[in-house]
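Chemist: Sharing a structure here in structure tokens format.
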Amino acid sequence: MYSFRLSLAGCCVVAALLGGCSPAQSPPQNQTTVTSVLTPQAESAEVAAVRQLFERVVGHVVPQVHFSVHQDDLSDWYQVEARDGQLYVSANALTALSYGTYEYLRQIGAMSVSWEGKRIAIPETFADYLPERVSSLFQQRAYLNVCAYGYSTPWWGWSRWEQELDWMALHGVNNPVAMEGQEFVWQQLWREFGVKDEELAGYFSGPAFTPWQRMGNIEGHEGPLPQAYIEKKRQLQKQIMARMADYGMKPVVPAFSGYVPKQFKTLFPQAKISAMPKWSGFANETYWLDPADPLFAKVAKRFIELYNAEYGEQQYYLLDAFNEMLPPVSEDKRYQDLAGYGAALYQSLAQSVPDATWVMQGWMFGSDQHFWDLKSIEAFLSKVPDHKLMIHDIGNDRFDVWQKAKGFYNKDWVFGFIHNYGGSNPVYADFDYYKEKVETALHHPDKGNLTGYGVFPEGIHSTSVAYEYMFDLAWQGQAKATTDWLEHYLKARYGAVSPALLSAWNKLYKSVYSTKYWEPRWWEGSAGAYLLFKRPSLDYLRYTGAPGNLALLDQALRELVALPENERSDLLKYDLIDLTRHAVTQHIDMLLQHSMLAYQQGDIKQGDDWRQQAKALILGVDALIGGQQESLHSWVKEARDYADRAELAAFYERNAKRQVSSWGGFKLKDYASKAWQGMYADFYLPRWELMFDAQRKAAQQGKALDKAAVEQQLVEFEAAWLDQPLKAPLAQPADAYAAVAALQALVTASKAPPSNL
């Protein structure tokens, strides 16, 4: 299970408590004009949650830090002042208070909190710092994608969720997407409408696939969903909602969007229920109840009643009727049908919670843009009150939906990035692109009612530096020049920044952190972050490779390995390993291509040579990454630990392994593939060995490769792998720097081609 870890680098908490090793402070530059000093107030009960957050993360009390909240109607703001050795932080919202405190502590190099771990060096006394006020550029600061509840959180309990909620507060999130616990409500709902328990057993999908069940894409995939799981998530959601309330967050919770069990066709034969198009290669369709049908309002009303009775009434309700599913419309009344759907969906929520805001993802307008032309979008939104609908335009790292949709025709909307797709974890980001896109949205004449900003990853635990930067963009003046921002980030994360470290990171910035989207992970309709992660095929002789500058990345890594011992902090070692497996995997991809080509051309000796070099690197990476936050072993262990009996543990393990491999349908294989120990040596390597064995045999016989037969072998391997016991995990090398250097030497000695074919 993931846990924040204290880095040994820089000044440690113990040393700070003893009065030694206080960090040298250079207060951050004021980013807004200095405002009048607020009179510090005695701490109220309202700020108790923020104090508890910091003391929980820091690991001890922080009496030298003082919090206060001031009530006003302004945009969220915070103000920091240090005098007489004490730090005073004021704000008009709790998440502004927590973000402002964390931001200041980062700027002076005293705190860094990430998914990989934390570094804490809170000084006993603070250098004087004149007060400054910083305001949020957005009313809502949203976080999380509905898919993250499948790719990241299915096995989380309260301890892990508490860490994530603390992370949200530290990053200023006030509008999180909160999707846990809803199966308990759906189960009650369907029972009330006559669906039997044995029928529900075939309806709900397994734990790792619940998000797509909720969105109406699938049903009954890798199920049934155990009652024990439903109950655990019910109790968990209550804890999550309580902590969100403590932090002053306003979560986005689910509503009924029309998808019903297929038994409704029999139970309500007069109702207008459509079989929806089969999603992403799945064999079974799902069923959608037309919002104009009187039954829709009844079901929608009862869902909200049951949900609110269990978890409390909220302001924001997510209602996505057409996520990667096309609306059934008639040819002659297309726009009338769409307008009717929008109006009816809104009314289904307003009837129960009149002051509620309907939240929908704008993803469909981009992913299905062939259907959602401008006139269709306008029609769908036309009959919904402007301030009763909020659109999460989540995919601005891929689609410019809001610009094409005229700022969503005066509806409130949230500008955001997904960044992470499928929980897949190549190392990439594009700081300058994120900054430019946010500034464009804020100042564009067609921005409409832009009220919020969000980061909507499908999965987390990857490239945490991107999320530090993206959430800083939500605040006035925080989007500094990237090189300046990086220097402060590195000081907080590692404790000190030498010229050599900064030089290496500037190369990383140019080589991997200037990539807005990782195209290879969905190359020509085939998923997998790298070629290594894709089910082997001769089609990949045309694979065009990865974005970024691999040569510059390799150079940066050589510089990081050469850093002296006193600069080798725990988090630097973590980052070095992560970046190394990212770089080496790209070299592996080139070797895989050249192995295939050599065998295809009948050059068995050359094919064998490239193949063995690729294998050595694959096994080397697998051994190197054993100490990283996640592995195949940790993912499966978390799944098994979530069970309270043996048969459930085996079922959860299969769910976990299925998701990160073949997923389901025929299009989504490898969509959630991971750069984890265990996946490299025990899944990706054997698949490619099957491919190369088949190619080698064909070359020896002078025959063309039987591609259909190879495909069948690969499918059979993947199916058998789901039920194979895991091998024991490998420990991280005792000297990670030496292991990285050895891999670098292997890359150099491999005579790998300098570029892709």
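The values are calculated or read from the model by the stated rules, or taken from the named source; none is laboratory data. Treat the numbers as computed from the prediction; the structure is a model and nothing was measured. Cβ: placed from backbone, ideal geometry, glycine included. Neighbour counts: every protein chain shown. Accessible surface areas use protein heavy atoms only, side chains included; no ligands, DNA or RNA. Shrake-Rupley method; radii C 1.70, N 1.55, O 1.52, S 1.80 Å.
Chemist: Going by what's in this entry, would ALA738 be described as of a type in the set (A, V, I, L, M), closer than 26 Å to ALA583 by Cα and either out of contact with any Gly (no Cβ under 9 Å at 6 or more places or on another chain) or part of a helix (DSSP H, G or I) (or both)?
Modeler: Working: of a type in the set (A, V, I, L, M): yes; closer than 26 Å to ALA583 by Cα: yes; either out of contact with any Gly (no Cβ under 9 Å at 6 or more places or on another chain) or part of a helix (DSSP H, G or I) (or both): yes.
It is true that ALA738 is of a type in the set (A, V, I, L, M), closer than 26 Å to ALA583 by Cα and either out of contact with any Gly (no Cβ under 9 Å at 6 or more places or on another chain) or part of a helix (DSSP H, G or I) (or both).
Chemist: Out of all the residues in region 231-242, which are open to solvent by less than 40 Å² (accessible area, probe 1.4 Å) and more than 16 Å from ALA639 (Cβ to Cβ)?
Modeler: As a first pass, look at region 231-242 and keep what is open to solvent by less than 40 Å² (accessible area, probe 1.4 Å): 233, 236-237, 240-241.
Within region 231-242, GLN237, ILE240, MET241 meet the criteria.
Chemist: Could you figure out which of (1) touching a helix residue (DSSP H, G or I) at 6+ places or on another chain (Cβ under 7 Å); (2) open to solvent by 10 Å² or more (accessible area, probe 1.4 Å) isn't true of LEU508?
Modeler: (2) is the only condition that LEU508 fails.
Chemist: Looking at region 434-442, is at least one residue part of a loop (DSSP other than H, G, I, E, B) and either open to solvent by 10 Å² or more (accessible area, probe 1.4 Å) or not acidic (Asp, Glu) (or both)? Before the answer, list the steps.
Modeler: Restricting attention to region 434-442, the residues satisfying the condition of being part of a loop (DSSP other than H, G, I, E, B) are none.
No: region 434-442 contains no residue that is part of a loop (DSSP other than H, G, I, E, B) and either open to solvent by 10 Å² or more (accessible area, probe 1.4 Å) or not acidic (Asp, Glu) (or both).
Here is a yes/no grid of residues against (1) among the small types (Gly, Ala, Ser); (2) within 25 Å of ASP644 (Cβ to Cβ); (3) part of a strand (DSSP E or B); (4) under 15 Å from the mean Cα position of the chain (by Cα):
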| residue | (1), (2), (3), (4) |
| --- | --- |
| ARG133 | no, no, yes, no |
| ASN145 | no, no, no, yes |
| PRO154 | no, yes, no, yes |
| TRP161 | no, yes, no, yes |
| ASP166 | no, no, no, no |
| GLY172 | yes, no, no, no |
| MET179 | no, yes, no, yes |
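Chemist: Please state which of the following conditions LEU730 fails to meet, knowing it meets all the rest: (1) exposed (fewer than 15 other Cβ atoms within 10 Å of the Cβ); (2) assigned to a loop (DSSP other than H, G, I, E, B).
Modeler: Going through (1) exposed (fewer than 15 other Cβ atoms within 10 Å of the Cβ); (2) assigned to a loop (DSSP other than H, G, I, E, B) one by one, LEU730 breaks only (1).
Chemist: I'm checking my understanding of the structure. Among residues of region 181-220 that are assigned to a loop (DSSP other than H, G, I, E, B) and polar (S, T, N, Q), which one is farthest from GLU310 (Cα to Cα)? If you could, list the steps in order and put the result at the bottom.
Modeler: Of region 181-220, the ones assigned to a loop (DSSP other than H, G, I, E, B) are 181, 193-196, 202-206, 215-220.
Next, from what is left, pick out any that are polar (S, T, N, Q): 205, 217.
Working: SER205: 22, ASN217: 26 Å.
Among those residues, the one meeting the criterion is ASN217.
Chemist: Count, please, the residues in region 211-224 that happen to be over 23 Å from the mean Cα position of the chain (by Cα) and surrounded by 22 or more Cβ atoms within 10 Å (Cβ to Cβ). So that I can check it myself, show each step before the final result.
Modeler: Here is the first cut: in region 211-224, the ones over 23 Å from the mean Cα position of the chain (by Cα) are 219-220, 223-224.
Keeping just the survivors that are surrounded by 22 or more Cβ atoms within 10 Å (Cβ to Cβ) gives 219.
Residues meeting the conditions: 1.
Chemist: Quick check on this structure: which one of GLN237, GLN263, GLN227 is within 21 Å of the chain's Cα centre (by Cα) and of a type in the set (S, T, N, Q)?
Modeler: Details: GLN263 fails: within 21 Å of the chain's Cα centre (by Cα); GLN227 fails: within 21 Å of the chain's Cα centre (by Cα).
Step by step, each of GLN237, GLN263, GLN227 is checked, and only GLN237 is within 21 Å of the chain's Cα centre (by Cα) and of a type in the set (S, T, N, Q).
Chemist: Here is a follow-up. Would you check if ARG696 is assigned to a helix (DSSP H, G or I), open to solvent by less than 50 Å² (accessible area, probe 1.4 Å) and either at pLDDT 95 or above or in contact with a Phe, Trp or Tyr (Cβ under 9 Å, 6 or more places away or on another chain) (or both)?
Modeler: Working: assigned to a helix (DSSP H, G or I): yes; open to solvent by less than 50 Å² (accessible area, probe 1.4 Å): no; either at pLDDT 95 or above or in contact with a Phe, Trp or Tyr (Cβ under 9 Å, 6 or more places away or on another chain) (or both): yes.
Answer is no for this residue.
Chemist: Would you mind finding the one in ALA699, ALA694, ALA681, ALA734 that is without any contact (Cβ under 8 Å) to a residue 24 or more places away in the chain, farther than 21 Å from LEU553 by Cα, touching an Asp or Glu at 6+ places or on another chain (Cβ under 9 Å) and among the aliphatic types (A, V, I, L, M)? Steps first, please.
Modeler: Numbers: ALA699 fails: without any contact (Cβ under 8 Å) to a residue 24 or more places away in the chain; ALA681 fails: without any contact (Cβ under 8 Å) to a residue 24 or more places away in the chain; ALA734 fails: touching an Asp or Glu at 6+ places or on another chain (Cβ under 9 Å).
Answer to the selection: ALA694.
Chemist: Can you tell me which residues in region 319-367 are among the charged types (D, E, K, R), open to solvent by 20 Å² or more (accessible area, probe 1.4 Å) and within 17 Å of ILE391 (Cα to Cα)? Outline the logic, then answer.
Modeler: So the first thing to find is which residues in region 319-367 are among the charged types (D, E, K, R), and the list is 320, 324, 331-334, 337, 355.
From what is left, the residues that are open to solvent by 20 Å² or more (accessible area, probe 1.4 Å) are 324, 331-334, 337, 355.
Residues satisfying the conditions are GLU324, ASP355.
Chemist: Go through region 402-433 and give me each residue that's part of a helix (DSSP H, G or I) and either open to solvent by 10 Å² or more (accessible area, probe 1.4 Å) or over 22 Å from LEU374 (Cβ atoms) (or both). Break it down stepwise before answering.
Modeler: To start, the set of residues in region 402-433 that are part of a helix (DSSP H, G or I) comprises 402-404, 406-410, 431-433.
Result: GLN403, LYS404, LYS406, TYR409, ASN410, PHE431, ASP432, TYR433.
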